[in-house]
Amino acid sequence: MEVREFVAKRKLELKEEVSSLSRKPKLVIIQVNDDPASDAYIRGKLKDGAEIGADCVLDKMDPSTSEETLLSRIEEYNQDPAVDGLIVQLPLPKHISEDKVKLAVSPKKDVDGFHPLGKQNPCTPKGIIEYLDAEGFSFVGKNAVVIGRSNIVGKPMAKMLLAKHCNVTQLHSRTSKEDMAFYLAHADLIVVAVGRLGLIDNTFTFKKDAFIVDVGTNRGEDGKLHGDCVPSLPVKLQTPVPGGVGLLTRLALMENLLEVTHK
Ligand code: NAP
């Protein structure tokens, strides 16, 4: 099933779940930047929330807000029993510590899955695993290659695949092209989370029944959004960009919101 179709179906299920609750789940998004990409991500989250019947609100703070003021605003929401989920949209201004902010959000309300003590998984790998499950990828004993080792995608992705009993190999900027070619040729699943347009192309060989999940988002010279992989690689499944992992990430956020909501 196409990612779009899968996400639409799951959203209807979430909407039904929300309608059976005694009150709407409430998500607060704090934004402390004037970044147009963040504006677009936030619009998407608010739209998804409205679609499933959740109450999602944006608290936009001035980018000059001090770290102390932001941390005390976070604490107010942590203490507010009417708020189920809390997000602080990244990036933050340079004078605010991202680590401090991530740790300040209560793990009970951390729908982004960033807090080390939180129970929720980060949204991008969570959405990917859910889609692969739905597509019948069998995980156990399969060779999974994750390219990229960031804290929000690559590392949690590798950890979650290991928990599903894949044989996980993690590649990064210090991996040679020869080694990358070797690992890709043996992979049943390839998750590419780098941010380099065209990094994975037809010069590599793949198993013909491999699954490729393209996380990368790159603005091409044509002004359009592209993944890290060239389209139509000779494999069983390749997620498109746009219309792929971005939608799965947004879906997983709504799922995390429902999971943290007191029912
Ligand atoms: P990041 O923090 O910049 O990490 C990129 C990773 O790629 C690093 O681990 C880096 O290795 C590795 N890398 C860089 N050049 C490489 C190369 N030539 N070969 C192999 N590995 C290389 O990025 P991120 O936050 O994980 O995001 C990755 C991409 O996914 C970006 O395009 C981002 O926009 C996109 N993204 C999309 C979504 C979505 O919902 N669609 C969500 C999150 C991210 P080192 O560690 O050695 O530097």
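The values are calculated or read from the model by the stated rules, or taken from the named source; none is laboratory data. Since the structure is predicted, the reported quantities are computational estimates derived from the model, not experimental observations. In this analysis, Cβ positions are derived from the backbone assuming ideal geometry, glycine residues included, and neighbour counts consider all displayed protein chains. These area figures cover heavy atoms from the full protein model, side chains too; ligands, DNA and RNA do not enter into them. Shrake-Rupley method; radii C 1.70, N 1.55, O 1.52, S 1.80 Å.
How do 208-220, 130-142 rank on mean C-beta neighbours within 10 Å, highest first?
Working: 208-220: 18.9, 130-142: 15.2.
Sorting 208-220, 130-142 by mean packing, highest first, produces 208-220, 130-142.
Once ligands and nucleic acids are excluded and a 1.4 Å probe is used, how much of HIS115 is accessible, expressed in Å² to the nearest 10?
20
Run a plain Debye calculation on the chain (Cα atoms as equal point scatterers, no solvent) and give log10 I(q)/I(0) at q = 0.13, 0.15 Å⁻¹, rounded to two decimals, same order as the q list.
Debye curve over Cα of the chain, log10 I(q)/I(0) at q = 0.13, 0.15 Å⁻¹: -0.88, -1.12.
So, taking all protein chains as they sit and a 1.4 Å probe, how much accessible area belongs to LEU197, in Å² rounded to tens?
100
Before I look further, what does the chain give for accessible area per residue, probe 1.4 Å, in whole square angstrom?
Accessible surface, normalised per residue, equals 50 Å².
For n ≥ 4 DSSP H runs only, could you compute -39500 (n - 2.57) per run for the chain, divide by its residues and tell me the 222 nm figure to the nearest 500?
That comes out to -12000 deg cm²/dmol.
With the Cα gyration tensor of the range 18-110 giving a ≥ b ≥ c as the square roots of its eigenvalues, does the rule (a/c under 1.5 for rounded; else a/b larger than b/c for prolate; else oblate) give rounded, prolate or oblate?
Oblate is the answer for the range 18-110, as a/c is 1.5 or above yet b/c matches or exceeds a/b.
Using a Förster radius of 45 Å, what is the FRET efficiency between GLU16 and ASP179 based on their Cβ-Cβ separation? Nearest 0.05, please.
0.45
Mind running the shape call on the range 189-250? Use the C-alpha gyration tensor, a ≥ b ≥ c as the square roots of the eigenvalues: rounded below 1.5 for a/c, prolate if a/b tops b/c, oblate otherwise.
Verdict is oblate for the range 189-250.
What is the local net charge at ALA158, summed over the other residues whose Cβ is closer than 13 Å to its Cβ (Lys, Arg +1; Asp, Glu -1)?
Here the count lands on +4.
By how many nm would the segment from ALA50 to GLU68 grow when fully extended, if each residue of separation counts as 0.36 nm and the alpha-carbon distance is taken off?
Length gained between ALA50 and GLU68: 3.4 nm.
Under 18 Å from the Cα of LYS102, which lysines turn up, not counting those fewer than eight places away in the same chain?
Leaving aside lysines fewer than 8 places away in the same chain, those within reach of LYS102 are LYS60, LYS94, LYS119, LYS155.
Relative to the longest principal Cα axis of the chain, at what angle does helix 67-79 sit, 0 to 90 degrees, rounded to 10?
80
Roll a 1.4 angstrom probe over the protein heavy atoms and tell me the percent of accessible area of the range 68-137 that is carbon or sulfur.
In the range 68-137, the share of accessible area belonging to carbon and sulfur is 51 percent.
Pairs of alpha-carbon atoms within less than 8 angstrom and 6+ residues apart define the contacts here; what relative contact order does the chain have, in percent?
19
Using DSSP, restrict attention to beta bridges with both residues in the chain and report what percent are antiparallel, rounded to the nearest 5.
5
In nm, give the distance between the simple-model label positions of ASP59 and ASP99, each being 7 Å from the Cα along the Cα-to-Cβ direction.
Result: 2.5 nm between the two label points.
Principal axis extents for the range 123-246, Cα atoms only, whole Å, descending order, please.
40, 31, 27 Å, listed from the longest principal axis down.
Show LYS24, LYS45 ordered by accessible area, largest first, where the area counts protein heavy atoms only and the probe is 1.4 Å.
LYS24, LYS45
Please give, to one decimal in nm, the separation of the simple spin-label points placed at THR205 and HIS186, each 7 Å out from Cα toward the Cβ.
Calculated label separation equals 1.4 nm.
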